[in-house]
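Accompanying notes for the structure given below.
The values are calculated or read from the model by the stated rules, or taken from the named source; none is laboratory data. Please read these numbers as outputs of a predicted model, since none were measured by experiment. Every residue, glycine among them, receives a Cβ derived from its backbone with ideal geometry; neighbour counts consider all protein chains shown. The protein model used for the area step is the full one, side chains on, heavy atoms only, and it has no ligands, DNA or RNA in it. Shrake-Rupley method; radii C 1.70, N 1.55, O 1.52, S 1.80 Å.
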Amino acid sequence: MTEVVAVALITLLAVISPGADFAMVVRNSCLYGRTTGLFAAAGVSAGVLVHVTYTMLGVGLLIASSTALFTAIKLAGAAYLVYIGVRTFLARSELTVDLDAKPEFGPLGALRSGFLTNVLNPKTTLFVVSAFTQVVGPDTARWQQAGYGFFMSAAHLGWFTLVALFFSDARLRTAMLRRQKALNRGIGTVLVGLGATLGFAR
């Protein structure tokens, strides 16, 4: 499995798995419309770059200082992917989105809410760290690592743009939530397989 394929799979699965970012973009789109949802999506995308930056610096230091420690974290990252996969597969409760409170804010406020939701989300931290420790090695160039990071950010922007477009329409929102259980099972299965494969790969 090449680095590019692994990064793409981990990123796409992390992006479409419902969580705090998803709930926030859905809420903004439902309450305030398409434009506010799109700005929130852009904020999420910007937040991903923060995670990528400190992860790149940390992984580089690990590789330089201790190969054994880096390997241990790599295995822990693979185990985390399996764990999240099992949790996602077994999840029964549907995503709930609070639509009662209606704080007034404009596009910049929506951008800020998306950014802070992502930056403070430990799930994103663990996914980014897991992705980098699985695919980045001593020979991976910095420009290539940066490319992975920008891909992660762009993937978040693309997915949450679609979420904002969907959830600003009531009929599409209902249809998407109705298929959430099947989506969770599919994501969970692929994550378990991906984590196991990466954990045993040299």
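Here is a yes/no grid of residues against (1) farther than 20 Å from T197 by Cα; (2) open to solvent by 10 Å² or more (accessible area, probe 1.4 Å):
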| position | (1), (2) |
| --- | --- |
| V5 | no, yes |
| L9 | no, yes |
| P18 | yes, yes |
| A23 | yes, yes |
| L38 | yes, yes |
| A41 | yes, no |
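Let's see how each residue does on (1) in a helix (DSSP H, G or I); (2) of a type outside the set (A, V, I, L, M, F, W, C); (3) surrounded by fewer than 20 Cβ atoms within 10 Å (Cβ to Cβ); (4) touching a residue at least 24 places away in the same chain (Cβ under 8 Å):
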{"site": "F115", "(1), (2), (3), (4)": "yes, no, no, yes"}
{"site": "N118", "(1), (2), (3), (4)": "yes, yes, no, yes"}
{"site": "A131", "(1), (2), (3), (4)": "yes, no, no, yes"}
{"site": "Q134", "(1), (2), (3), (4)": "yes, yes, no, yes"}
{"site": "D139", "(1), (2), (3), (4)": "no, yes, yes, no"}
{"site": "W143", "(1), (2), (3), (4)": "yes, no, yes, no"}
{"site": "Y148", "(1), (2), (3), (4)": "yes, yes, no, yes"}
{"site": "M152", "(1), (2), (3), (4)": "yes, no, no, yes"}
